[in-house]
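Coordinate-derived values only; no laboratory data. Note that this is a predicted model, so its numbers are computed, not measured.
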Amino acid sequence: MTLLQRIAGAVVGVVLFVLALVFASVILAVAGAIALLVGAWLWWRTRNLPRPGPGPGSGGGTVIEGEYRVEREVRRIDDDAR
């Protein structure tokens, strides 16, 4: 290969690399714009949906409030002798 062919090959390679970078950046910009539009559309469509209320499970059922205590049965050896 001559020196002129090597220089031409290097120039073509650099030009193709720059074109690939430009193409990739355009594709990423278009994909980002589409994702932003889809996200805005989904937000707009779901903004008036009812929100789940507070509480366990947010099922809207009846909640009975209160306290509880765990009482364990304690058996003693002298209780068995009676």
Legend entry - Theoretical gain in end-to-end length, VAL12 to ARG51 [0.36 nm per residue, Cα-Cα removed]: 8.2 nm
Legend entry - Estimated vicinal HN-Hα couplings, Hz - the range 31-36 in sequence order (Karplus 6.51, -1.76, 1.60; Gly, Pro = x): 5, x, 5, 5, 4, 5
